[in-house]
Every structure is written in C-alpha cells, then in structure tokens.
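Read through the structure below, which is laid out as structure tokens, and then see the notes.
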Amino acid sequence: GTVPMAIRKTLFYLCVPVVLLVVLLLVQGGIAHCRACCKPTHGFQLLDRLLGSAMVVVFVFIPSLVRTTFGLFACVFVDSPTTEPYCAAAVGRYWIFDMDQQCFQGYHARWAFG
C-alpha cells in the first residue's frame, strides 16, 4: 500500500536536518578546497570550521527532531461516553499527527513501534 501523508510528513521532518547538514558540510568543504588552491591552510582549521557548523545545525534542529520523534507516540483523548440523549461520535485516543487514525491501531502501530 501507499505510505500515509502523516507518515510522509514525519519522515520528511526527520530527514531535512540531516540533508541540510550534509549540504552545509559539502559547501564548506568545497569553499575550503577552493581557498586551499590559492593559499595553503592548515587542515585543523577546516576541521574546526566543519565541526562548528555541524554543532550549530544540530543545536538548531534538536528541538524539532525531538518534537517530531515524540510526536510518533502523542495521542489525545477524543470524546467520552455520555448519557442519553447524547452520544459520543468518536470515543478513544487518536494520533496527534492524523486525527483520523486511532492510536496504536493500523499503520500507526506499525510506524510507532517499528
């Protein structure tokens, strides 16, 4: 079957920081290589710059990575059984990223527990 939209979004949010980090390191490595052709530099300067840039990217994206990762398990209670003449339309827990999907049922269980 196809991958549900909520899962695709989650995977996208988890992959973006990794892709940005790789692109940033490649760009900085390319710039350092071009500068090395003109003027020789020490290798440890490049390593320090790359590590510094990597740390900044990691610290900027850590909050969103943690929120997205823990969001795989985030569920909310919807409705509660009521007395007559009222009836609850959707009693249960639903996944916060896809309110049509009951928690730990169907594809949510497969993705949350791997």
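The values are calculated or read from the model by the stated rules, or taken from the named source; none is laboratory data. Just so it is clear, the model here is predicted, and its values are computed rather than measured. With ideal geometry, Cβ positions are generated from the backbone for all residues, glycine too; neighbour counts draw on all protein chains shown. When the accessible area is computed, the model is the full protein with side chains, heavy atoms only, and any ligands, DNA or RNA have been set aside. Shrake-Rupley method; radii C 1.70, N 1.55, O 1.52, S 1.80 Å.
For the stretch 27-48, a residue qualifies if it is more than 23 Å from C15 (Cβ to Cβ) and either modelled with pLDDT of 80 or more or not in a helix (DSSP H, G or I) (or both), and the qualifying residues are I31, C34, K39, P40, T41, H42, D48. Every condition in (1) free of Cβ contacts under 8 Å to residues at least 40 places away in the same chain; (2) over 22 Å from A109 (Cα atoms); (3) not aromatic (F, W, Y) holds for A74 except the one numbered (2).
Only one residue in T83, T68 is among the polar types (S, T, N, Q) and either in contact with a Lys or Arg (Cβ under 9 Å, 6 or more places away or on another chain) or open to solvent by less than 60 Å² (accessible area, probe 1.4 Å) (or both), so which one is that?
Working: T83 fails: either in contact with a Lys or Arg (Cβ under 9 Å, 6 or more places away or on another chain) or open to solvent by less than 60 Å² (accessible area, probe 1.4 Å) (or both).
That would be T68, the only listed residue that is among the polar types (S, T, N, Q) and either in contact with a Lys or Arg (Cβ under 9 Å, 6 or more places away or on another chain) or open to solvent by less than 60 Å² (accessible area, probe 1.4 Å) (or both).
Residues of the stretch 1-13 that are assigned to a helix (DSSP H, G or I) and open to solvent by less than 50 Å² (accessible area, probe 1.4 Å): A6, I7, T10.
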